[in-house]
Structures are given as structure tokens and as C-alpha cells.
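**Student:** Input: one structure, supplied below.
The values are calculated or read from the model by the stated rules, or taken from the named source; none is laboratory data. Note that the coordinates shown come from a computational prediction; the quantities given were computed from them, not determined experimentally. Glycine also receives a Cβ, built like all others from the backbone with ideal geometry; neighbour counts cover every protein chain displayed. Just so you know, the surface numbers come from the protein's heavy atoms only, side chains and all, with ligands and any DNA or RNA stripped out. Shrake-Rupley method; radii C 1.70, N 1.55, O 1.52, S 1.80 Å.
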Amino acid sequence: MIAIIDYDAGNIKSVEKALAHLGQETRVTRDAETILEADGAILPGVGAFGDAMAKLRAYGLADVICRYADSGKPFLGICLGLQLLFESSEESPGVEGLSILEGRIVRIPQMQGLKVPHMGWNSLRFPREGRLFAGIDKGDDQSDSYVYFVHSYYLQARDEEIVTATAEYGVTLHAAVEKGNVFACQFHPEKSSDVGMRILQNFCRICGGQSAAAV
């Protein structure tokens with residue numbers, strides 16, 4: 001069973017639906033015991049960094065997430081869920097993130113011809129191997145896999161060795177990371193067609209889940 005952590009953020013149902021399509025048992029929950037006993041956990045979300053951290057702390061979930069990450073079991077952050085794993089965000093000065101991973105979240109700069117928020121499909125590049133991207137055709141120029149983004153802020157990881165995918169949008173976005181049992185994507189795999197479903201299926205397999213549907 002994979003726990004989908006419920007902290008009143010947007011987009012949780014989309015993740016639950018995508019995993020159900022793969023035949024994966026899930027539970028949307030904020031119960032600490034249920035989360036800690038799960039085979040894997042996902043922190044999805046769309047919203048503001050400061051508000052999200054306030055909700056995680058109010059529900060007692062910040063400590064639970066840190067304990068889960070320390071347990072060695074697979075953990076996946078999606079979109080805002082990626083950002084919350086890091087130390088801070090320019091969106092909410094003075095608010096501390098979970099600090100499970102080192103880095104900061106900064107605003108996408110305003111540039112001519114680029115709209116912020118960044119909404120739409122972007123190709124990924126893969127600077128190093130990542131288990132979430134197993135079986136995905138990276139192409140000769142490593143830019144053949146398109147995924148869907150919705151965000152105004154992006155990750156600058158302190159250690160680029162954890163970055164498994166990047167995207168270009170005026171600047172180089174750190175689009176996915178992997179460190180030990182902790183995985184995260186700035187984009188939305190649950191909205192990214194076959195590529196996204198393959199990413200979620202890979203995560204299910206890392207969790208030891210039986211993903212029934214072929215992608």
C-alpha cells in the first residue's frame with residue numbers, strides 16, 4: 001500500500017486516480033501510523049509553500065514525513081511536494097521547509113516571451129541515471145520525453161549529483177531528484193500521459209507494489 005499524504009493541498013485526487021489506473025493500492029491519509037506502515041509514501045500538492053508548511057505542522061505531518069524519509073522506504077514528492085522537501089522558498093521568506101534535502105526554491109525570472117507561471121509541456125534532459133526514469137526513451141539528444149509543469153518557482157539543489165532530470169525554461173530547472181530512498185519531481189507525472197504513468201509505475205515497483213496495468 002502507498003500512502004498519499006493529505007494536508008488539504010490541491011491535486012491529491014489526480015494522483016490517487018493515476019495510481020488506481022495502475023492497479024496500485026493507495027490510501028489518502030494524514031494518520032501517522034498509516035503513513036509510517038505504508039510500503040511507499042507520496043507527498044503531492046499544488047499551492048503556496050508557506051501555507052503548505054503551516055498545514056503540515058498543524059496536522060503533525062512534518063515530523064511524520066521526516067521519520068518516513070529516515071526509514072529507508074520509498075518516498076516521492078510531486079510539484080509543491082518536491083519544494084517542501086528542501087530548506088526554503090523565495091515564495092515564503094522566513095518559512096523553513098522540511099530540509100530533508102539541501103537546496104532552495106527560487107522564482108522563475110521574468111523574461112521576454114516566457115510566461116510565469118510556467119504551465120505546459122516541456123522536454124526533459126537526464127544528466128544522470130534515475131530509477132524513476134527506467135524504460136523511458138531518452139532519445140539521442142536526451143530530450144524526447146515530455147512532461148507537464150505548473151509552477152512559478154523552481155528548485156536549485158545544492159548538490160547537483162542528486163538531480164536526475166532537468167528542463168529548460170529561460171533557466172535550467174532541476175526537474176527531478178533522487179537521493180537514496182527519496183525521489184521528487186517538479187512536474188506532474190499524473191498529468192504527463194504515458195511518460196508520467198511510466199514514472200509512477202517505476203515508483204510503485206520500487207515500493208514493491210504490484211502495478212497491474214502495463215504502460
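**Student:** If you scan region 85-139, which residues turn out to be surrounded by 13 or more Cβ atoms within 10 Å (Cβ to Cβ), of a type in the set (Gly, Ala, Ser) and touching a residue at least 24 places away in the same chain (Cβ under 8 Å)?
**Tutor:** Matches in region 85-139: 89, 92, 97, 103, 123, 130, 134.
**Student:** Something else now. Mind listing just one residue for me: the one in region 71-84 that is under 18 Å from the mean Cα position of the chain (by Cα) and open to solvent by 30 Å² or more (accessible area, probe 1.4 Å) and, of those, nearest to residue 32 (Cα to Cα)?
**Tutor:** 73
Listed here are the residues, each with its yes/no results for (1) among the polar types (S, T, N, Q); (2) under 21 Å from residue 178 (Cα atoms).
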site	(1), (2)
38	no, yes
44	no, yes
51	no, no
99	yes, yes
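**Student:** Name the residue that is most open to solvent (accessible area, probe 1.4 Å), counting only residues in region 24-44 that are touching a residue at least 12 places away in the same chain (Cβ under 8 Å) and farther than 23 Å from residue 205 by Cβ.
**Tutor:** 30
**Student:** Given (1) touching a Cys at 6+ places or on another chain (Cβ under 6 Å); (2) modelled with pLDDT of 95 or more, where does residue 161 come up short, assuming only one miss?
**Tutor:** The number of the failed condition is (1).
**Student:** While we're here: Please determine, by comparing only the residues of region 45-70 that are open to solvent by 30 Å² or more (accessible area, probe 1.4 Å) and among the small types (Gly, Ala, Ser), which one is nearest to residue 95 (Cα to Cα).
**Tutor:** Keep residues of region 45-70 that are open to solvent by 30 Å² or more (accessible area, probe 1.4 Å), which gives 46-48, 51, 54-55, 57-60, 63, 66-67, 70.
Next cut, among the small types (Gly, Ala, Ser) only: 47-48, 54, 58, 60.
Details: 47: 15, 48: 11, 54: 9, 58: 14, 60: 16 Å.
Ranking the candidates gives 54 first.
**Student:** Kindly indicate whether any position in region 182-198 is surrounded by fewer than 20 Cβ atoms within 10 Å (Cβ to Cβ), modelled with pLDDT of 95 or more, of a type in the set (S, T, N, Q) and not in a helix (DSSP H, G or I).
**Tutor:** Scanning region 182-198, I find no residue that is surrounded by fewer than 20 Cβ atoms within 10 Å (Cβ to Cβ), modelled with pLDDT of 95 or more, of a type in the set (S, T, N, Q) and not in a helix (DSSP H, G or I), so the answer is no.
**Student:** Those residues that are touching a strand residue (DSSP E or B) at 6+ places or on another chain (Cβ under 7 Å) and farther than 18 Å from residue 200 by Cβ, I need them from region 68-84; list them, please.
**Tutor:** So in region 68-84, the residues touching a strand residue (DSSP E or B) at 6+ places or on another chain (Cβ under 7 Å) come out as 68-69, 73-79, 81-84.
If the condition is that a residue be touching a strand residue (DSSP E or B) at 6+ places or on another chain (Cβ under 7 Å) and farther than 18 Å from residue 200 by Cβ, then 68, 69, 83, 84 are the ones that fit.
**Student:** A further question on this structure: Which residues, counting only those in region 157-169, are surrounded by 15 or more Cβ atoms within 10 Å (Cβ to Cβ) and not β-branched (Val, Ile, Thr)?
**Tutor:** Filtering region 157-169 down to residues surrounded by 15 or more Cβ atoms within 10 Å (Cβ to Cβ) leaves 157, 162-167, 169.
Result: 157, 165, 167, 169.
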